[in-house]
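Each remark here refers to the structure printed beneath this line.
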Amino acid sequence: QKEVEQDPGPLSVPEGAIVSLNCTYSNSAFQYFMWYRQYSRKGPELLMYTYSSGNKEDGRFTAQVDKSSKYISLFIRDSQPSDSATYLCAMSSLTQGGSEKLVFGKGMKLTVNP
Amino acid sequence: GAGVSQSPSNKVTEKGKDVELRCDPISGHTALYWYRQSLGQGLEFLIYFQGNSAPDKSGLPSDRFSAERTGGSVSTLTIQRTQQEDSAVYLCASKGGRSSYEQYFGPGTRLTVT
């Protein structure tokens, strides 16, 4: 079992829809939970960051973490065509050398149709 | 300000050749990471540099891969005797230091081994 599991999609929705993206994980040592957005031919950019169970809201985006179930979600309200991108969940862990690294899900490709 | 830059943006090489990929991190960032993004595999950690400390090489897939960081700034990832399975996008990220959490990614180098 991989440390982080994410359905790679793709997912296609109409403009204005509510989008739900999810990841599960197996490592209880993960401390920080992030969502990155990656546009085509670009590097990932941080969208949301949280370290505790519960919800965190930023505009149309809500990140949800449930540590007891080892499950995180990203909700996008009133989705826009500009939200079309690949969304990657990421969690912080320690490498074998003792330094921090991010463990990423495979990424979900989202298309919002006008 | 200037973000993370990488060069070349695309590289096509023949199997068995050596390649060098370059990363210019954000000025003042002490931490630098290399990742590999393959189709269907998500982002895979390769190596981590923090200041003048010895790099964490625990993610390098084989001894054909090496990296250096000169003067705590520019980094070069070298792949010797390239194989077709090395074809991927190689991403570099930097962050402000141990207490920072956000990694800033460059646009990546798309490597194709023919």
**Report entry** Restricting the stretch A:39-71 to residues that are free of Cβ contacts under 8 Å to residues at least 12 places away in the same chain and acidic (Asp, Glu), the residue that is surrounded by the fewest Cβ atoms within 10 Å (Cβ to Cβ)
**Finding:** A:ASP58
Query - In the stretch A:13-36, the residues that are more than 14 Å from chain B (Cβ to nearest Cβ) and open to solvent by 80 Å² or more (accessible area, probe 1.4 Å) - result: A:PRO14, A:GLU15, A:ILE18, A:SER28
Query raised in the report: Scanning the stretch B:74-114 for residues that are open to solvent by 50 Å² or more (accessible area, probe 1.4 Å) and of a type in the set (Ser, Thr, Tyr), which turns out farthest from B:HIS29 (Cα to Cα)?
Result: B:THR114
Query raised in the report: Which ones in the stretch A:37-63 are at the interface with chain B (Cβ under 10 Å from one of its Cβ atoms), outside any loop (DSSP other than H, G, I, E, B) and in contact with a Phe, Trp or Tyr (Cβ under 7 Å, 6 or more places away or on another chain)?
Result: A:GLU45, A:LEU46, A:TYR49
Requested in this report: Say whether the condition of being touching a Ser or Thr at 6+ places or on another chain (Cβ under 8 Å) and aliphatic (A, V, I, L, M) is met by at least one residue in the stretch B:48-59.
Outcome: no
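Rundown of residues vs (1) out of contact with any Pro (no Cβ under 8 Å at 6 or more places or on another chain); (2) under 26 Å from A:LYS2 (Cβ atoms); (3) within 11 Å of another protein chain (Cβ to nearest Cβ), yes/no style:
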| position | (1), (2), (3) |
| --- | --- |
| B:PRO8 | yes, no, no |
| B:GLY28 | yes, no, no |
| B:TYR35 | yes, yes, yes |
| B:LEU46 | no, yes, yes |
| B:GLY51 | yes, no, no |
| B:PRO55 | yes, yes, yes |
| B:ALA67 | no, yes, no |
| B:LEU77 | yes, yes, no |
| B:GLU85 | yes, yes, no |
Report task. Would you point out the residue of the stretch A:72-110, among those that are at pLDDT 95 or above and exposed (fewer than 15 other Cβ atoms within 10 Å of the Cβ), that is nearest to the other protein chains (Cβ to nearest Cβ)? Result -> A:SER82
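The values are calculated or read from the model by the stated rules, or taken from the named source; none is laboratory data. It should be emphasised that the depicted structure is a prediction, and the values quoted were computed from it without experimental measurement. Here the Cβ is made from the backbone with ideal geometry for all residues, glycine too, and neighbour counts use every protein chain on show. Only protein heavy atoms, including side chains, enter the accessible area calculation; ligands, DNA and RNA are left aside. Shrake-Rupley method; radii C 1.70, N 1.55, O 1.52, S 1.80 Å.
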